[in-house]
Every structure is written in structure tokens, then in C-alpha cells.
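All remarks here apply to the structure that follows.
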Amino acid sequence: MQFDGTLILVLLSFVGFMLAMRTIYFEPIRRIKAEREALLRHEQQEAAAFAAQCERLQAELEARLRQARQEAQQRIQAKRQSAKDSARGMMASARESARQTLDAQLEELSRWQAQTYEELGVERRHLATLALERITRRPAVAAASS
């Protein structure tokens, strides 16, 4: 086996090529790769911060919704109670009005009854006088005046 200068030249060319590739190709690729990894880490951190902010906002929104629901339920209960109280007041007013109307009608009926009894008393006296006249066949002047 014979060694000539070609092997050394090929080895030196290979080493020179590798050094040139290292400075021209590998170092920029490493730098780009490192920048990408740094950018990726930074974006992942931002994404994690954004996710945490979203979760916080969602929890805040849910708390506000719960509070709004509670306030709405309280308002509904207050309105229901107010409506019940108003209805009770209206019913009491209607009952009082009906009672007053009934009392007025009963009073009117009492007056009518008293008037009717007076009229009947006059008619009874008149009929008694007529009956006495027919029985006795003479006018009953004294009975009519009493």
C-alpha cells in the first residue's frame, strides 16, 4: 500500500471544507435554532400567562354572574313580596268597599222596611175600620181617628 500526498490533500481539503461549513453554514443554523428556541420559550411563557389571565377572567366572570343571579333573585323576591302586599291591600280595600256598600244597602233596606211597616199599619187600621163598619153597619168615626 502506497501513501502519496493525495490522501493528505483530501484530508486537508475535508478539514478545510468542514471549517468553512462550520463558519458559513453550521454556526448560522445553530444561532437560528437558538433564536427559535428562545422565541418558542418566550411565546410559551406568553401563552401560559395568557391562559392564566383567561382563567382568572373566567373565574371573575363566573363570580359576577353568580352575584348578578343572586341580585336578580333578590329583586324577584322583593317584587313578588311587593305584589303580594299590594294584592292584600287591594283585597282589604275591596272588602272594606264591599262592606260599606253592604252596610248602605242594609240601611236602605231597613228604612224601606220601616216605611213599609208604617204603610202596613195605616192599611191595617183602615181595614180594621172597614171591617168594623161592615160588622156594625155604621161608620166608625171614633176608630178612624185613633
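Observations
- For the stretch 63-104, the Kirkwood hydrodynamic radius from C-alpha pairs, put into Stokes-Einstein at 10 °C and a viscosity of 1.306 mPa s, yields a diffusion coefficient of 127 µm² per second.
- Sulfur and carbon atoms: percent of accessible area, the stretch 14-99 [1.4 Å]: 59
- Ligands, DNA and RNA are left out, and with a 1.4 angstrom probe the accessible area of the stretch 36-84 is 94 Å² per residue.
- Kirkwood estimate for the chain, i.e. one over the average of 1/r between Cα atoms, Å: 28.8
- Once you reduce the stretch 105-124 and the stretch 23-87 to the center of their Cα atoms, the two points are 87 Å from each other.
The values are calculated or read from the model by the stated rules, or taken from the named source; none is laboratory data. Note that this is a predicted model, so its numbers are computed, not measured. To get the accessible areas, we keep the full protein, side chains included, count just its heavy atoms, and leave off ligands, DNA and RNA. Shrake-Rupley method; radii C 1.70, N 1.55, O 1.52, S 1.80 Å.
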